[in-house]
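All remarks here apply to the structure that follows.
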There are 2 protein chains.
Amino acid sequence: MTEATIIDGNRFSAGLRDRIASEVHALRETRHITPGLAVVLVGEDPASQVYVRTKHKRTVEVGMESFVHTLPVDTPEDELLTLIAGLNKDPAVHGILVQLPLPRQIDAQKVIEAIDPAKDVDGFHPVNVGRLASGGEALIPCTPFGSLLLLRDHLGDLSGLDAVVVGRSNIVGKPMAQLLIRESCTVTVAHSRTRDLPDVVRRADIVIAAVGKPGMIRGDWLKPGCTVIDVGINRVANPDGTSRLVGDVAFDEAVKVAGAITPVPGGVGPMTIACLLRNTLVACARQHRIALDKSL
Amino acid sequence: MTEATIIDGNRFSAGLRDRIASEVHALRETRHITPGLAVVLVGEDPASQVYVRTKHKRTVEVGMESFVHTLPVDTPEDELLTLIAGLNKDPAVHGILVQLPLPRQIDAQKVIEAIDPAKDVDGFHPVNVGRLASGGEALIPCTPFGSLLLLRDHLGDLSGLDAVVVGRSNIVGKPMAQLLIRESCTVTVAHSRTRDLPDVVRRADIVIAAVGKPGMIRGDWLKPGCTVIDVGINRVANPDGTSRLVGDVAFDEAVKVAGAITPVPGGVGPMTIACLLRNTLVACARQHRIALDKSL
């Protein structure tokens, strides 16, 4: 029995970061411009702190400027909005990311809409969401865009393929569906209210799992030979008291049926930060009206 | 053999326009506010002239103010943008619609993005497209919203139903898919690149036909008992030299298989203008921070 090809997100994202680093170097040499990313963290959520540290490290590695703003958990909303207004105006800042989730006293949607769409490297501002849907020049949410890059790298042209997106979040499921429609896939969005989910998944040449439930999608739900992108990152306990990360797909089963699959960790995860850096570079280039290498 | 229920868009839209007229009357009596709709027509396309005349007539009928601006076909883009800037500022104008298509010298996307999103009663501005996708307070494109009202009226709760949207235009297909995802349908977007379209359509409890090809969707593509919303409005020639309007669905075949179907004309068509009036009323109420009757 042949096992599925493992789609290596670590390798692919390292290559993407190398290409970004070259472009950043060229921008500095030829135009004296250094792309800058501002990350805002409110509070001390441990997972968020890890994400922000990793983003900072990767940003500096590709030669960009990293500005990290850490605010106390009880920061009033208007103080955060004032900070964002300043970052919107700051010419050294080309990308702005506010780490989610935010504390209760802050309306996340209001914060997202306060970011200049041209600097919205998360791609969550309605203007970017709208442009992604209607075909304009958008900044695209990082996780679905990273998933698309892996799909294109593995499958080439996606036109006419049946894709099923399981999950309808604003961060992954919905923008992923838009991207796959743009690629001319026949796209089905399934979710918790879907009847007979296994049957729906079984139709798919491409399965995107983005539900946040460990191992929910089973091997016998898959069409033999399909490509599986597992966006889930779930921490589960081991019998010995330690813990590990698993995806939304039962990997050990799926690997025997699928044609290709992303592992967790090491699949989509590393693509998200690489695409954040890519978005910062793209935002910087657009703000300065500079054309970038097409491969980005 | 029982035939499908005919979903009567004329009757439903007349009822909706009555409810709108009552709200308009109440707004004027209690608040001294009259909702106003500005329609801009560039050039003399005969079909567009008919649409604009009908919109004007319906607007006046429900007691709203109608402002029709007719510009010559060679109007420069900046002149149109100046007119829109004026309408954006005009407190008597709560809704702005620029009739499409526009002449070649004018960039339609630029015009759409120039309209204040709060007055964008077509729902085509990226901010409204984005809010529809991410769940914010949007103005929703009229034809898909009208289709949804007919579906809800006929089926009640749509949660868990399989819906197939054939066509991926920005005006109908994509916003229709977003609305059906919001209603918790399992939604498939199919289009010209879809493999085995009959088979995809055959899965659906709800079929939305929005491709602009007369009679393309055949009776034997339908699941018995399904609900068919035919958005197509195609003019075809009769053997005697006259012409008639037909939809994207082969009606005579479909009516023998479906559980319910919208006719063409008299189905979705009249809903579009009724929803335009509804959007103008909603826009006016939001601009004045007035709550409306929930049924609108």
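Within the range B:1-19, work out how many residues are outside any helix (DSSP H, G or I) and among the aliphatic types (A, V, I, L, M).
4
Of the residues B:30, B:34, the single one that is surrounded by fewer than 18 Cβ atoms within 10 Å (Cβ to Cβ), of a type in the set (S, T, N, Q) and not in a loop (DSSP other than H, G, I, E, B) is B:30. Filtering the range A:86-103 to residues that are of a type in the set (Gly, Ala, Ser) and either in contact with an Asp or Glu (Cβ under 9 Å, 6 or more places away or on another chain) or part of a loop (DSSP other than H, G, I, E, B) (or both) leaves A:92, A:95. Residues in the range B:113-125 that are in contact with a Leu (Cβ under 9 Å, 6 or more places away or on another chain) and either charged (D, E, K, R) or within 11 Å of chain A (Cβ to nearest Cβ) (or both): B:116, B:117, B:119, B:120, B:122, B:123, B:124, B:125. Checking B:82, B:75 one by one, the residue that is surrounded by 16 or more Cβ atoms within 10 Å (Cβ to Cβ) and more than 13 Å from chain A (Cβ to nearest Cβ) is B:75 and no other. Considered as a group, the residues in the range A:268-296 that are polar (S, T, N, Q) and either farther than 17 Å from residue A:18 by Cα or not in a helix (DSSP H, G or I) (or both) include one that is modelled with the highest pLDDT, and that residue is A:287.
Looking at this structure, is residue B:95 crowded, with 23+ Cβ neighbours inside 10 Å, touching a Leu at 6+ places or on another chain (Cβ under 9 Å) and on the phi > 0 side of the Ramachandran plot? It is false that residue B:95 is crowded, with 23+ Cβ neighbours inside 10 Å, touching a Leu at 6+ places or on another chain (Cβ under 9 Å) and on the phi > 0 side of the Ramachandran plot. Would a scan of the range A:224-239 turn up a residue that is polar (S, T, N, Q) and farther than 30 Å from residue B:202 by Cβ? For the range A:224-239, residues polar (S, T, N, Q) and farther than 30 Å from residue B:202 by Cβ: present.
The strands (runs of 3 or more DSSP E) found entirely in the range B:126-236 that carry 1 or more residues being in contact with a strand residue (DSSP E or B) (Cβ under 9 Å, 6 or more places away or on another chain) and more than 9 Å from chain A (Cβ to nearest Cβ) are B:162-166, B:206-209, B:227-230. Residue A:109 satisfies every condition listed in (1) at pLDDT 95 or above; (2) farther than 25 Å from residue A:180 by Cα; (3) within 12 Å of chain B (Cβ to nearest Cβ) except (1). Just one of the numbered conditions (1) closer than 19 Å to residue A:283 by Cα; (2) in a loop (DSSP other than H, G, I, E, B) is not true of residue A:106: (1).
Selection over the range A:32-57 of residues that are in contact (Cβ under 8 Å) with a residue 40 or more places away in the chain, in contact with a strand residue (DSSP E or B) (Cβ under 9 Å, 6 or more places away or on another chain) and not polar (S, T, N, Q) gives a count of 12. The selection criterion, being within 14 Å of chain B (Cβ to nearest Cβ) and part of a loop (DSSP other than H, G, I, E, B), does not hold for residue A:63. The set of residues from the range B:239-267 being of a type outside the set (Asp, Glu), without any contact (Cβ under 8 Å) to a residue 40 or more places away in the chain and in a loop (DSSP other than H, G, I, E, B) comprises B:239, B:241, B:242, B:247, B:250, B:264, B:265. With respect to the stated conditions, residue B:257 fails to be buried (at least 18 other Cβ atoms within 10 Å of the Cβ) and closer than 30 Å to residue B:63 by Cα. Every condition in (1) under 24 Å from residue A:52 (Cα atoms); (2) surrounded by fewer than 21 Cβ atoms within 10 Å (Cβ to Cβ) is met by residue A:144 except one, and the failing one is (2).
Among the residues of the range B:265-296, those that are of a type in the set (D, E, K, R) and surrounded by fewer than 22 Cβ atoms within 10 Å (Cβ to Cβ) comprise B:286, B:289, B:293, B:294. Restricting attention to the range B:113-125, the residues being assigned to a helix (DSSP H, G or I) and surrounded by fewer than 24 Cβ atoms within 10 Å (Cβ to Cβ) number 4.
Only residues that are crowded, with 16+ Cβ neighbours inside 10 Å and over 22 Å from residue B:90 (Cα atoms): list them for the range B:46-68, please. B:48, B:51 - these are the residues of the range B:46-68 that are crowded, with 16+ Cβ neighbours inside 10 Å and over 22 Å from residue B:90 (Cα atoms).
The values are calculated or read from the model by the stated rules, or taken from the named source; none is laboratory data. These numbers come from a predicted model, not from an experiment. Cβ coordinates were reconstructed from backbone atoms using ideal geometry, including for glycine residues, and neighbour counts include every protein chain displayed.
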